[in-house]
Amino acid sequence: MSIRTLRIGLIPGDGIGKEVIPAGRRILEALPASLGLKFEFTPLEAGFETFERTGAALPDATVEVLRSGCDGALFGAVSSPSHPVKGYSSPIVALRKKLDLYANVRPVKSVIPATATASSSSSPIKPVDMVIVRENTEDLYVKEEKTFDGPQGRVAEAVKRISERASHRIAAMAGEIALRRQNIRAAGTPSIHASPLVTITHKSNVLSQTDGLFRTTARAALAAPRFASVAVEEQIVDSMVYKLFRQPEAYDVIVAPNLYGDILSDGAAALVGSLGLVPSANVGEGFAIGEPCHGSAPDIQGQGIANPIATLRSTALMLEFLEEEAAAARIYAAVDANLAEGKLLSPDLGGTAKTDEVVEDILRRL
Ligand code: ATP
Ligand code: MG
């Protein structure tokens, strides 16, 4: 059997980032040899502490090593200073730009007992198993704003830019993710979905040109023969928010322009109980950075009680985008088994286990 070596950059960042990123490394090292994977790790610097020490939140060396010496990376968290600090800006935002990581992918999944199905659920807690695929480069986030004096006083304006190219590639990525989730389910990961579905989100009833272009382009991208097995529907973003909270089990993969995706992602994360469970990935052509959704959590830093699951799932998500679905499925299943049993949980989930105890329980289940 041939062995594939993956070079992974490790960027712990600040706060609990330093406590959870080692968990990502440990689970990669613990993957069974039968998967044919080897890992080489490179520790890299970024974040507020790095900024205070070196004057750069994202040192050039970090970007260079990621660009030329890594296949993927894990990013912990960076603390955001409570007041604006001159010269400091978020290193992950800068990284997304520098590496053209055009998609932000956020799976949100509740604890699903292996036997549950959407229709059999009578409990008030709804099963959730969805992925939000957010376009990451344009929309209102091009940050082209201006303020001027109009005839009736001050006016501020912002550009909302939607391109066919960006809409097409994000929709195609959503289609690929829907297909891949189907494979991972086939490999035995419990799920509430039987078949793949992509929901296109927009507000084209009001913004007929910008969101209209997103909608028609996404439709066209998902009409490709490759996605024949993927059902496609669309939904106006406001009614989507309503349904997201009433009937979250209805969603498999959601694709959205930048702003709606940003809002929907945080809303969806609230459905599953703790930020410590929710992973994300920043994805570009042939490169992916796994990143837990939580921040540096200064309130629990240094106590060894941070939930490592968001990072473990982010590690699996990174592997998915490096085309290592089987390895990803192993990690998801081990995490799900830990949660479903519910004996070794960190305090954010009502348990008393330390970060390392949760990690060890999950490693045992690999
Ligand atoms: P930052 O400015 O870095 O985002 P924050 O103060 O906003 O820091 P977050 O990391 O966003 O903190 O976390 C919000 C809340 O969720 C905090 O109470 C934190 O303790 C909790 N939390 C976040 N991540 C985890 C985790 N992995 N395990 C347990 N609790 C967590
Ligand atoms: Mg925060």
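The values are calculated or read from the model by the stated rules, or taken from the named source; none is laboratory data. Worth saying up front: this structure is predicted, and the values here are computed from it rather than measured. Cβ: placed from backbone, ideal geometry, glycine included. Neighbour counts: every protein chain shown.
Kindly establish whether Glu320 is in a helix (DSSP H, G or I), of a type in the set (Asp, Glu) and over 30 Å from Asp139 (Cβ atoms). Please lay out each step first, then the result.
Values: in a helix (DSSP H, G or I): yes; of a type in the set (Asp, Glu): yes; over 30 Å from Asp139 (Cβ atoms): no.
In short, no.
Looking at the range 1-25, which of the residues that are surrounded by fewer than 18 Cβ atoms within 10 Å (Cβ to Cβ) and basic (Lys, Arg) is nearest to the chain's Cα centre (by Cα)?
Arg7
Against the definition (closer than 25 Å to Leu312 by Cβ, buried (at least 19 other Cβ atoms within 10 Å of the Cβ) and not basic (Lys, Arg)), how does Val232 come out, yes or no? It would help to see each step written out before you state the result.
On the way: closer than 25 Å to Leu312 by Cβ: no; buried (at least 19 other Cβ atoms within 10 Å of the Cβ): yes; not basic (Lys, Arg): yes.
Taking the combined requirement at face value, the residue does not satisfy it.
If you go through the range 235-262 one residue at a time, how many are part of a helix (DSSP H, G or I) and surrounded by fewer than 15 Cβ atoms within 10 Å (Cβ to Cβ)?
Qualifying residue count for the region: 6.
Quick one: Asp262 ticks every box in (1) modelled with pLDDT of 95 or more; (2) more than 20 Å from Glu320 (Cβ to Cβ); (3) under 14 Å from the mean Cα position of the chain (by Cα) bar one, so which box is it?
All conditions are met except number (1).
Restricting to the range 273-287, give me the number of residues that are under 25 Å from Asp71 (Cα atoms) and within 16 Å of ligand 1 (Cβ to nearest atom).
First, pick out the residues of the range 273-287 that are under 25 Å from Asp71 (Cα atoms): 277-287.
Right, trim to within 16 Å of ligand 1 (Cβ to nearest atom) and you get 277-280.
Here the count works out to 4.
Among the residues of the range 268-283, is there at least one that is more than 15 Å from ligand 2 (Cβ to nearest atom) and over 30 Å from Asp238 (Cβ atoms)?
no
Tally up the residues in the range 288-314 that are assigned to a helix (DSSP H, G or I), within 10 Å of the chain's Cα centre (by Cα) and more than 8 Å from ligand 1 (Cβ to nearest atom), please.
Going through the range 288-314 one residue at a time, the tally reaches 2.
Please verify whether the range 167-185 includes one or more residues that are over 15 Å from Arg134 (Cα atoms) and without any contact (Cβ under 8 Å) to a residue 40 or more places away in the chain.
Within the range 167-185, one or more residues are over 15 Å from Arg134 (Cα atoms) and without any contact (Cβ under 8 Å) to a residue 40 or more places away in the chain.
State yes or no: is Leu271 of a type outside the set (Val, Ile, Thr), crowded, with 19+ Cβ neighbours inside 10 Å and either under 16 Å from the mean Cα position of the chain (by Cα) or not assigned by the TED database to the domain that holds Ser204 (or both)? Quick ask: steps written out before the conclusion?
Working: of a type outside the set (Val, Ile, Thr): yes; crowded, with 19+ Cβ neighbours inside 10 Å: no; either under 16 Å from the mean Cα position of the chain (by Cα) or not assigned by the TED database to the domain that holds Ser204 (or both): yes.
So Leu271 does not fit the description; no.
Buried (at least 22 other Cβ atoms within 10 Å of the Cβ) and away from ligand 2 (no atom under 16 Å from the Cβ): which single residue out of Arg181, Arg165 fits that description? Working first, answer last.
Details: Arg165 fails: buried (at least 22 other Cβ atoms within 10 Å of the Cβ).
Within the list Arg181, Arg165, the selection yields Arg181.
Identify, please: which residue in the range 5-31 is part of a strand (DSSP E or B) and touching a residue at least 60 places away in the same chain (Cβ under 8 Å) and is, among those, nearest to ligand 1 (Cβ to nearest atom)? Break it down into steps so the answer makes sense when it comes.
Applying the first criterion (part of a strand (DSSP E or B)) to the range 5-31 yields 5-13.
Within this subset, residues satisfying the condition of being touching a residue at least 60 places away in the same chain (Cβ under 8 Å) are 6-13.
Numbers: Leu6: 24, Arg7: 26, Ile8: 20, Gly9: 20, Leu10: 17, Ile11: 14, Pro12: 13, Gly13: 9 Å.
Once the filter is applied, the top-ranked residue is Gly13.
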